[in-house]
Amino acid sequence: MQLYRRLYRYYGEFHWWPGESPLEISVGAILTQNTAWTNVEKAITRLKEARSLSVASLGRMSHGRLARLIKAAGYFNVKARRLKNFISFLQERYDGSLRKMFHRETGHLREELLSVNGVGPETADSILLYAGGKPSFVIDAYTKRILSRHGVMPYEKSYDEFQKLFVKRLPRNGTLYNQYHAMFVNVGKDFCRKQPLCTSCPLNGWRGVPPVRDG
């Protein structure tokens, strides 16, 4: 919480993740794998322009057409398969209803999402937290880089180990997790880059020692 408060004083309130509906956020979470968010926005815009950003439309759409619409997001054939897998899961398990899906208990739903081909821990937690408002802390490369450079945990530790670090030390609260992860993303983009800008970073001196610069 000391780290949270320090970042909050610098950044203030975020309202993240960008998206107009739980489905749009879920689609974005799948498309953002291995690409910049600006590319995801282009792909989602194409889906909207084609009036195809609905469970029914995505379910009916051919793989080839979907791949063409999301081409801007990169790896479009792979991501089209992953989107189709997610939509099939949603239709088969929850009659195509995200509302029904998010009524499911968080732990069980996370296991179900992880069983969908192409949905890994970061994507599953992003869907749970940002589309469903569920308390499931998201770990990404920014989070690992920031914490490893400040000597909290080695970068090589697993996703689950990083996640447990937060779950054990924070109140179980989706709003808190949302804000925390959003602040990590912004620190990573603004300061904790591959070539870090340590002197101007709000975390400079946080633990009383200079950060390691090669995390």
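Just so it is clear, none of the values below were taken in a lab; they were calculated from the coordinates. Note that the structure is a prediction, hence the values are computed from the model and not measured. Glycine also receives a Cβ, built like all others from the backbone with ideal geometry; neighbour counts cover every protein chain displayed.
Below, the figures for the structure above:
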{"quantity": "Restraint check, Lys71/Lys194; Lys48/Lys100; Lys48/Lys189; Lys42/Lys79; Lys100/Lys168, Cα-Cα greater than 18 Å", "calculated": "Lys71/Lys194; Lys48/Lys100; Lys48/Lys189; Lys100/Lys168"}
{"quantity": "For the chain: rounded, prolate or oblate by the Cα gyration tensor [a/c cutoff 1.5]", "calculated": "prolate"}
{"quantity": "Degrees, to the nearest 10: 174-190 long Cα axis against longest axis of the chain", "calculated": "70 degrees"}
{"quantity": "Between 0 and 90°, nearest 10: helix 76-94 axis offset from the chain longest Cα axis", "calculated": "70 degrees"}
{"quantity": "Dipole magnitude of the chain, debye to nearest 20 (Cβ charges: Lys/Arg +1, Asp/Glu -1, about Cα centre)", "calculated": "280 debye"}
{"quantity": "Segment His103-Glu49, length gained on full extension (0.36 nm per residue, minus Cα span)", "calculated": "16.4 nm"}
{"quantity": "Value of [θ]222 nm, deg cm²/dmol, for the chain, DSSP H segments ≥ 4, -39500 (n - 2.57) each, nearest 500", "calculated": "-16500 deg cm²/dmol"}
